[in-house]
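Remarks on the structure that follows.
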Amino acid sequence: EGSKAYRERMSPYLKRGYRDVAANEIWVEDVCIHDVEVSNDLFPEQPYGTPIRLRLDALLDFRSRKIVGAAWGWEGSSRTLAAAMRRAVSAYGAPESLLLDNGKPQKKAAKGAQFAAAVAQAARAGRQQELESFERTGFIARLGISIVHSIPFAPQGKGMIERWFGTLHGRFDAVHSTYTSGSPFTRPESTESLMMKHRYLLAAGRVTESAYPLASRFILGCLSWISEYNQTIHSGQGMDGASPDAVFDAELNPNRRPAPDPSTLALLLSDRETRGVRECAVQFKNRRYAPRPEDRTAWAAMHEFNEREVLVAFDAADLSTVAALDADGCFLAALYPEELIRFAPGDPETQQRIAQSFSIRRGLEKATRATITAISTEARANGALSAE
């Protein structure tokens, strides 16, 4: 069966314990390709309706086996690691160590995939660049996370997340109508039939008639499955019949770091676009983005750059928050999609939002007036005369 099978099934290895590690102390990261073909409705790298197999980048807590972060991309994406890490540290704070793979290509990525050679080449180049760019951002150094790379061709080092991927393929992927099984030799005939029909409809411009699952719906379903997995009793070593969520809460690292500030999280937003600031906000992706009402520092920064241009840093797969940067890439403010106010004069929440808005406006106007007064006072003290 080959040297790989021999090493995995025959070679002895060391097994470490779990109880000497706290929850949220060590995270294990790895990537897999789902064994399901879906219809693209999310990723601009591929036309709408293109059949793709999504790539999942997951972060698993070593002590509790809880999935703390996940992000999806199409097969050539190189942004999933940063997206998964940003979501995980936002929710749980930073771990002390992060166990990454060695950057080698995921051989399974090409099996049964469309244009296998191109996919494999993109996976190799994208994966290596992603690991390098992730460490280059300075995010890891700023949070004090130590990076540990697993030994090449030794899957036991990250065995728990490999086993979780196996569970995902067997319990979630396998129930879908377009399950590919990961290999064209074992692919169900029903999947083959759906694949041919989808490609026919795509070529005919009738892709909306296809029974293929949409990428967006598939991701929502997987998020729900992950949440259920985290709440399900786990029989692994050191779990004592508890769920990952329960062990994570009970064994939480007493020295855990808090969630990083927005300026640190902005280091993981790799995409950049220039936008003009109008009324202390930016128009981006057909939505208006502004600071939180309580973040007066952010409002002051956006007020300072009003009617000027800023760089908007964002993650195309998650536009729930973006960051405003100056021309040098320095952080200015965290921005969020504006929620439209209801026409409900008697609603307490509406009245509160109106009061917050007026408070922000008065504060910015007062600060502006004080600045102008200070400039005028200093100018007169230095002998300047106005035109009047």
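The values are calculated or read from the model by the stated rules, or taken from the named source; none is laboratory data. Just so we're clear, the structure is a prediction, and the values are computed from it rather than from any experiment. No Cβ is skipped: glycine too gets one built from the backbone with ideal geometry, and neighbour counts run over all protein chains shown. When the accessible area is computed, the model is the full protein with side chains, heavy atoms only, and any ligands, DNA or RNA have been set aside. Shrake-Rupley method; radii C 1.70, N 1.55, O 1.52, S 1.80 Å.
Laid out as a table, the results:
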| read-out | value |
| --- | --- |
| Karplus-derived HN-Hα couplings along segment 28-35 (A = 6.51, B = -1.76, C = 1.60, θ = phi - 60°), whole Hz, x at Gly and Pro | 10, 10, 7, 10, 9, 9, 4, 8 |
| Cα Rg, Dmax, segment 313-384, angstrom units | 19.1, 57 |
| Extension gain from T186 to A387, taking 0.36 nm per residue of separation minus the Cα-Cα distance | 63.8 nm |
| Probe 1.4 Å, accessible area per residue of segment 201-315, Å² | 56 |
| Computed label-point distance, nm, for sites D249 and T350 using a 7 Å Cα→Cβ extension | 3.8 |
| Cα shape, segment 180-224, gyration tensor, a/c 1.5 rule | oblate |
| Förster radius 56 Å - calculated FRET efficiency between K366 and T167 (Cβ-Cβ, nearest 0.05) | 0.45 |
| The chain shape via C-alpha gyration tensor axes, a/c threshold 1.5 | prolate |
| Amide H contacts under 5 Å for S243, placed H, 5+ residues apart | H234 |
| Accessible surface of the chain [probe 1.4 Å, protein heavy atoms]: carbon and sulfur percent | 53 |
| C-alpha long axis of helix 116-136 to longest principal axis of the chain, angle in ° | 50 |
| ³J(HN,Hα) computed for each position of segment 201-209 - Karplus, 6.51 cos²θ - 1.76 cosθ + 1.60, integer Hz, glycine/proline x | 5, 4, 5, 7, x, 10, 5, 5, 7 |
| Choice from N306, N253, N286 showing the highest fluctuation, given a GNM over the chain with Cα pairs closer than 10 Å | N286 |
| Segment 263-388: C-alpha gyration tensor shape, a/c 1.5 cut-off, then a/b vs b/c | oblate |
| Expected 222 nm ellipticity per residue - DSSP helices of 4 or more, -39500 (n - 2.57), all of the chain, to 500 | -12000 deg cm²/dmol |
| Accessible area of segment 1-93 divided out per residue, in Å², using a probe of 1.4 angstrom | 39 |
